[in-house]
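Data block below; observations after.
The values are calculated or read from the model by the stated rules, or taken from the named source; none is laboratory data. The shown structure was predicted, so the numbers you read here are calculated from the model rather than taken from an experiment. As a convention, Cβ positions derive from the backbone with ideal geometry for all residues, glycine included, and neighbour counts pool all protein chains shown. Just so you know, the surface numbers come from the protein's heavy atoms only, side chains and all, with ligands and any DNA or RNA stripped out. Shrake-Rupley method; radii C 1.70, N 1.55, O 1.52, S 1.80 Å.
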Amino acid sequence: MPILIDGLTSLEYRGYDSAGIYIPGAGSVRAVGAVGSLKSKLPKNLKGESGIAHLRWATHGEPTVANAHPHRDCSGTIWVVHNGIIENHQELRDKLIKEGHKFLSKTDTEVLPHLVEHYFKKEKDLERAVLKTLRDIRGTYGAVFVSEQEPDKLIAVRMGAPVVLGLGDGENFIASDPSPILRHTKNVIYLQDGEMAVITPTSHAIYTFDRARVRRSPEKVEWSPEQIQKGGFKHFMLKEIMEGPEVIENTLRGRLVVDKGLAKLGGLESVSEKLRGVKRIIIVGCGTAYYAGLVGEYMLEEYAGIPVEVEVGSEFRYRKPVMDSETILLAVSQSGETADTLEAIREAKRKGILTLGIVNTVGSTIARETDAGIFNHAGPEIGVASTKAFLSQVTALALLTLFLGRQRQMSLVTGKRIAKELLDLPEKVDIILSDHQKLRSLARKYSKYDDFLYIGRKYNYPIALEGALKLKEVSYVHAEGCGAGEMKHGPLAMIDPNFPTVAIAPKDSVYEKMVSNIQEIKARKGKVLVITNREGKELRALADDLIVVPKTLEMLSPILTVVPLQLFAYYFAVEKGLNVDRPRNLAKSVTVE
Ligand code: F6R
């Protein structure tokens, strides 16, 4: 039981609304809320040599005890935990009810144990019953089955939701990501779609759904268990913001040849020649990763001269995008498991398009399914709000810009300049972080407001969007990001003394325009908090509050301007006493559509 409970705790960052555990022969306990509420309900005698446990993030059916996993068949001998969505659950449920099955929850998942029960009666073999069940269902799943009759055996299946095996000494594990496994073993095998794994404490075997044996050697996970601890910080979000300098260093490590103005990207070597001929890039991501992609658009167009479009995965996958052999798709994803981004990649691959990834999680589905790419090396990000991953994503996009730019028209001088400026970034982020108490008092001062406008232009337009997203997701206050030039086409109407604006206005090619936009807000008696890198009289006179970050190249300025906004959102949520690391309604890894 402790292994399962610890495992759930290390997965809590992915989002939850209820939790549950089942130990063959000992029983099941489920609770609404986090692992803490489950723990408080656990009887001492819930012990065993094997078991399954789950954290649920509701899709079908409210977060109630009845809807929490694990779910069981009528006899209470076959149990399952499941991530994903069974799309045809209603018709299956109706059929099973007609056959006399009794359902106890409103979830889509519950059809799984009942179907296995149905087939087990004929097959008398759990693996076969599971495989037959899979033929009946449509949708996505990463699921684990166990039967009281064979308590030492766990069966995992995967179609669209991650499953990883951990291979230990006399003990084996199954989880949806490596974090709960790490404290027991670093040897893991990632299951692929269409595969089933059968483990016992001393054996493991992988099969296709046609029961062909799959031989795959384990790989070593680099992440250490310490990386997924708070390390003295009150919250993961703060720890991860503070890791910014180190994260940029890790993303850059070994990838710059400064005197030649080059980026050396091992993950792109295999496609390097193909990339010379690329005429268009489509960047796909969701949320924060999408905003990183928007920064990439400005960089790649300005410095590599390649037309770029950026789109959220959830829209791209349902469009009929026009792509030819000179187009590539670049997916940006921290988790490497975001369903919408993954489907966008698959759609592009169906059309024969080369796909690249900027992914943080080695071994993740997006990392495996893209043709080539750049790993972030940002380390595990546990706080639900993405912070350090964003810094790393924009850094990786700058590396890609240098790589593609130098394949094209970018001069040696420009290449050297970008490389040098990139190397200086960690120290500059450090300077911003050392001023974190100022952000804390500003957050306190502004925490009485319920509405915010964030504005920026060009490279810092995406930062306005990201700053607003950070604030709304951890503080639950209304924050809108807007291109500063768009303000007078609508959003300006909202401005009054109770509707402050956060303006990102570094001294760059659009600085004067930003100053005019700030003046427009001041003329409407709006309060303005300005993030800049120039402490001139002009801004001092206009701004109600001013945060000054170090100077860098315009294209790299988002990496610096975003940091105060991350701190501002963090302290704002802390001020409101909210659960910063696990905002309500959100999950870290969005493996459902
Ligand atoms: C916001 C946030 C989300 C993620 C988005 C994509 O702070 O964390 O918007 O950025 O869900 O996730 P990944 O990068 O894992 O694909």
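Remark: accessible surface ordering of D435, D259 (largest first) is D259, D435, probe radius 1.4 Å. Between E535 and K488, the C-beta separation translates, for a Förster distance of 41 Å, into a calculated FRET efficiency of about 0.90. Summarising the overall dimensions of the range 262-344 from its C-alpha atoms, the Rg and Dmax are 12.8, 37 angstrom. Looking at the range 138-183, the DSSP beta bridges with both ends there are about 90 percent antiparallel.
With the gyration tensor restricted to C-alpha atoms of the chain, the semi-axes of the equivalent ellipsoid amount to 44, 27, 21 Å, longest first.
When all alpha carbon pairs of the range 322-454 are counted in 10 Å bins from zero, the resulting P(r) reads 11, 29, 30, 22, 8, 1 %. For the range 1-101, the pair-distance distribution built from all alpha carbon pairs, in bins 5 Å wide starting at 0, is 2, 13, 22, 24, 18, 11, 7, 3, 0 percent. Descending by average beta-carbon neighbour count within 10 Å, the peptides 411-419, 65-73, 364-372, 382-390 line up as 382-390, 65-73, 364-372, 411-419, the highest first.
Candidate cross-link partners of K576 among the aspartates and glutamates, defined by an alpha-carbon separation under 16 Å and a same-chain spacing of 8 or more, comprise D450, D451, E473. Accessible area per residue for the chain, computed on protein heavy atoms with a 1.4 Å probe, is 39 Å². Taking the Cα centre of the chain as origin and assigning +1 to Lys and Arg Cβ atoms and -1 to Asp and Glu Cβ atoms, the resulting dipole is close to 360 debye.
Rounded to the nearest whole Hz, the Karplus-based 3J(HN,Hα) values (6.51 cos²θ - 1.76 cosθ + 1.60, θ = phi - 60°) of the range 175-181 follow the sequence 8, 8, 8, x, 4, x, 8, with x at glycine and proline.
Pairs exceeding 29 Å between alpha-carbon atoms, taken from K106/K153; K239/K274; K472/K507: K239/K274.
Semi-axes of the equivalent ellipsoid of the range 233-433 are 25, 22, 13 Å, computed as sqrt(5λ) over the eigenvalues of the C-alpha gyration tensor in descending order. Overall dimensions of the range 65-191, expressed as equivalent-ellipsoid semi-axes from the Cα gyration tensor (√(5λ), whole Å, largest first), are 26, 16, 13. Computed from label points 7 Å out along Cα-Cβ, the spacing between R211 and R346 is 2.6 nm.
Between E315 and R444, residue separation times 0.36 nm minus the direct Cα-Cα distance comes to 42.7 nm. Working from label points 7 Å from Cα in the Cα-to-Cβ sense, the K95 to D545 distance is 5.9 nm.
Sorting 136-143, 423-430 by their mean Cβ neighbour count within 10 Å, with the most densely packed peptide first, gives 136-143, 423-430.
Note on L104/R368: beta-carbon distance plugged into 1/(1 + (r/R0)^6) with R0 of 41 Å gives a FRET efficiency of 0.65. For the chain, hydrophobic long helices are taken as DSSP H runs at least 20 Å long by C-alpha position along their axis with mean Kyte-Doolittle hydropathy of 0.0 or more; these are 388-407, 412-434, 461-475, 557-575.
Translational diffusion of the range 2-229 was estimated from the Stokes-Einstein equation, with Rh taken as the Kirkwood radius over Cα pairs; at 20 °C and 1.002 mPa s the coefficient is 122 µm²/s.
Spin-label model, N585 to T59: label points 7 Å out along the Cα-to-beta-carbon direction sit 1.9 nm apart. Highest mean packing comes first when the peptides 586-592, 330-336 are listed by Cβ atoms within 10 Å, giving 330-336, 586-592. Per-atom-type breakdown for the range 126-281 gives carbon and sulfur 47% of the accessible area (1.4 Å probe, protein chains only).
In this calculation the C-beta distance from W223 to R408 is compared with R0 = 25 Å, giving a FRET efficiency of 0.10. The range 435-584 gives an Rg/Rh value of 0.93, both radii derived from C-alpha positions and Rh following Kirkwood.
Counting only protein heavy atoms and using a 1.4 Å probe, the accessible area of W57 comes to about 90 Å².
I need the Debye-formula profile for the range 296-376: one equal scatterer per C-alpha, no solvent, reported as log10 I(q)/I(0) at q = 0.11 1/Å, two decimals. Computed log10 I(q)/I(0) values: -0.26.
Dividing the summed helix terms, -39500 (n - 2.57) for each DSSP H run of n ≥ 4, by the number of residues in the chain produces a 222 nm estimate of -11000 deg cm²/dmol to the nearest 500.
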